[in-house]
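Student: Take a look at this one; I'll ask things after.
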Amino acid sequence: MAQCEGAMVPLTVRLCKKALLHRRVLWFLDNTSALHSFVKGGAREACLCRFVSVFHFQTIHTRCLVRFEYIDSKSNWC
């Protein structure tokens, strides 16, 4: 599950690149494994680690500052 949720982060940055340029972003994740991986900058699973690396390269390129927060699944509106 962490890989699926982790994949959505760099995908969203890719799709919304222009909207994120030079912005501050508060990103809510309901998966603690994915959340901790993005905060730490890496993961044990190779696939999730690649998603994290791609995301961090994207934020450098778009110059956006991202802060991650946890949200429980019941509060997640999606």
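Student: Calculate for the chain the 222 nm mean residue ellipticity that helices alone would give, adding -39,500 (n - 2.57) per DSSP H run of length 4 or more and normalising by residue count, nearest 500 deg cm²/dmol.
Tutor: -17000 deg cm²/dmol
Student: How much of the accessible area of the chain, in percent, comes from carbon and sulfur atoms when a 1.4 Å probe is used?
Tutor: Values: 3270 of 5670 Å².
About 58 percent, which is the carbon plus sulfur part of the accessible surface.
Student: Which whole-number value in Å² is the accessible area per residue of the chain, probe 1.4 Å?
Tutor: Per residue, the chain has 73 Å² of solvent-accessible surface.
Student: Okay, moving on. Along each of the three principal axes of the Cα atoms of the chain, give the extent in whole Å, ordering the values from largest to smallest.
Tutor: In descending order, the Cα extents are 30, 29, 19 Å.
Student: Taking amide hydrogens as modeled 1.01 Å from N in the peptide plane, which residues meet the under 5 Å criterion relative to Phe68, leaving out close sequence neighbours?
Tutor: Counting only residues 5 or more places away or on other chains, the set is Trp27.
Student: Hey, another quick one. Compute the FRET efficiency between Ile60 and Asp30 as 1/(1 + (r/R0)^6), taking r as their Cβ-Cβ distance and R0 = 25 Å, and round to the nearest 0.05.
Tutor: Result of the calculation: an efficiency of 0.45.
Student: In whole Hz, what ³J(HN,Hα) sequence does the stretch 40-50 give by Karplus (6.51, -1.76, 1.60; θ = phi - 60°), x for Gly and Pro?
Tutor: Using θ = phi - 60°, the values come out as 6, x, x, 8, 5, 6, 4, 5, 5, 4, 5 Hz.
Student: Just in the chain: which trypsin sites (Lys or Arg not before Pro) are loop by DSSP and have at most 10 other Cβ atoms within 10 Å?
Tutor: Arg44, Arg63
The values are calculated or read from the model by the stated rules, or taken from the named source; none is laboratory data. Source: prediction; values computed, not measured. Cβ atoms come from the backbone with ideal geometry, glycine included; neighbour counts cover every protein chain shown. Heads up: the accessible areas ignore ligands, DNA and RNA and are worked out on the full protein's heavy atoms, side chains in. Shrake-Rupley method; radii C 1.70, N 1.55, O 1.52, S 1.80 Å.
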